[in-house]
């Protein structure tokens with residue numbers, strides 16, 4: 001079994017909070033992590049999966065009595081978004097007894113998109129976002145970086161030995177999301193054709209600046225409709241919206257976000273690359289590597305750092321800007337080459353933002369200084385040595 005780093009954070013949160021929501025895409029490993037925690041916990045646990053009719057029915061009629069009967073247990077509720085009315089009851093039960101580790105809620109959709117959830121449990125719940133298997137976890141399990149990059153971070157797909165088997169699994173996942181899961185997750189109707197086409201368009205434009213009018217025109221829908229689809233796909237933990245960094249400047253800045261497919265395995269399935277050789281000759285390889293690096297940093301960065309990008313209309317650009325509070329502290333350029341040329345636009349970004357620590361991240365190779373305050377180094381070295389120190 002691949003050891004997930006989230007187990008330590010989950011343990012920490014449950015020591016102090018009466019409820020923790022473990023959130024992430026379907027099949028990402030939330031249930032496995034919750035059951036692993038339960039197996040190691042001294043407290044008795046009760047597991048309810050709301051996708052099972054028998055479990056759903058236990059809470060459908062008289063949830064209050066059932067939950068009170070089991071009040072001394074850690075109650076794990078899987079796919080909790082299937083019963084939105086439950087959140088008001090959980091609020092009341094927590095207010096009666098705020099002892100830690102009462103409820104562990106597993107969800108596949110962002111709480112702010114489920115009516116009443118954020119308001120119901122505000123101040124009573126801690127949130128933990130669970131991504132796919134990351135590079136630190138993979139390397140500890142002797143999974144090579146290229147294998148993780150190509151197959152993505154979904155545990156089932158990553159463990160399959162053959163690339164075609166992994167992509168068959170991803171095709172089934174994509175089909176399930178487009179035809180059933182999106183509607184079930186958010187309780188609203190979606191067009192399967194539009195979702196699939198939209199997802200494919202985003203994959204072929206991975207990392208591009210968002211322009212909803214262009215997508216709307218291509219899909220034959222209104223701009224508000226395509227904006228709503230983007231919000232829900234992000235809410236299902238399928239996309240990342242990287243916001244631009246703003247500050248008082250006379251320069252004209254790009255102010256629209258960039259959109260990335262969060263999982264590289266889904267991306268490679270959508271752009272139809274069968275293996276690393278095909279990916280190497282595909283236009284998607286550069287954006288794929290950029291998105292892969294972004295997801296690793298997003299998962300492994302210290303919580304006090306926020307992520308943005310920076311781009312001016314004059315050509316200054318950083319793929320990632322790490323910000324502490326209101327101060328940019330590091331600029332990052334992502335390069336696929338192992339012998340990269342640092343762009344003038346990146347140096348201009350460093351000058352604009354006055355960051356002291358700056359990096360050009362490459363797939364592999366020894367680290368070296370490109371300038372006094374710009375280091376070229378591998379992604380694995382950056383996440384294992386430098387990232388936690390920022």
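The values are calculated or read from the model by the stated rules, or taken from the named source; none is laboratory data. These numbers were taken from a predicted model, which means no experiment stands behind them. Note that we place each Cβ from the backbone using ideal geometry, even for glycine, and neighbour counts take in every protein chain shown.
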Identify, from the list 282, 268, 313, the residue that is under 17 Å from the mean Cα position of the chain (by Cα) and either closer than 23 Å to residue 361 by Cα or in the same structural domain as residue 150 (by TED's automatic domain parsing) (or both).
268
If I go through segment 181-212 residue by residue, how many of them are buried (at least 16 other Cβ atoms within 10 Å of the Cβ) and either in contact with a strand residue (DSSP E or B) (Cβ under 7 Å, 6 or more places away or on another chain) or not assigned by TED's automatic domain parsing to the domain that holds residue 264 (or both)?
5
For a quick check of your reading: which helices (runs of 4 or more DSSP H) sit entirely within segment 159-209 and have at least 1 residues that are in contact (Cβ under 8 Å) with a residue 24 or more places away in the chain and more than 22 Å from the chain's Cα centre (by Cα)?
163-176, 192-204
Given the options 111, 84, name the one that is assigned by TED's automatic domain parsing to the domain that holds residue 25, out of contact with any strand residue (DSSP E or B) (no Cβ under 8 Å at 6 or more places or on another chain) and touching a residue at least 60 places away in the same chain (Cβ under 8 Å).
84
Which of the helices (runs of 4 or more DSSP H) contained wholly in segment 229-316 include at least 3 residues that are in contact with a helix residue (DSSP H, G or I) (Cβ under 6 Å, 6 or more places away or on another chain) and under 30 Å from residue 182 (Cβ atoms)?
264-270, 285-300
Selection from segment 330-354 of residues that are under 14 Å from residue 319 (Cα atoms) and not in a helix (DSSP H, G or I)
330, 331, 332, 333, 334, 335, 336, 342, 343
Need the failing condition index for residue 367 against (1) surrounded by fewer than 18 Cβ atoms within 10 Å (Cβ to Cβ); (2) under 29 Å from residue 251 (Cα atoms); (3) touching a helix residue (DSSP H, G or I) at 6+ places or on another chain (Cβ under 8 Å), just the number.
(2)
Segment 161-180, residues that are touching a helix residue (DSSP H, G or I) at 6+ places or on another chain (Cβ under 7 Å) and surrounded by fewer than 17 Cβ atoms within 10 Å (Cβ to Cβ):
171, 179
Within segment 355-373, take every residue that is closer than 25 Å to residue 139 by Cα and outside any loop (DSSP other than H, G, I, E, B) and give me the one that is farthest from the chain's Cα centre (by Cα).
368
For segment 73-91, enumerate the residues that are modelled with pLDDT of 95 or more and more than 27 Å from the chain's Cα centre (by Cα).
73
Verdict on residue 360 being in the same structural domain as residue 327 (by TED's automatic domain parsing), more than 19 Å from residue 298 (Cβ to Cβ), in contact with a strand residue (DSSP E or B) (Cβ under 6 Å, 6 or more places away or on another chain) and touching a residue at least 12 places away in the same chain (Cβ under 8 Å)
no
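Conditions tested, residue by residue: (1) assigned by TED's automatic domain parsing to the domain that holds residue 300; (2) surrounded by fewer than 21 Cβ atoms within 10 Å (Cβ to Cβ); (3) at pLDDT below 95.
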position	(1), (2), (3)
11	no, yes, no
14	no, no, no
21	no, no, yes
25	no, no, no
31	no, yes, no
41	no, yes, yes
55	no, yes, no
One residue is enough: does segment 330-344 have a residue meeting the conditions modelled with pLDDT of 95 or more, in contact with a strand residue (DSSP E or B) (Cβ under 8 Å, 6 or more places away or on another chain) and surrounded by fewer than 22 Cβ atoms within 10 Å (Cβ to Cβ)?
yes
Out of (1) under 30 Å from residue 317 (Cα atoms); (2) surrounded by fewer than 21 Cβ atoms within 10 Å (Cβ to Cβ), what's the single condition that is false for residue 215?
(2)
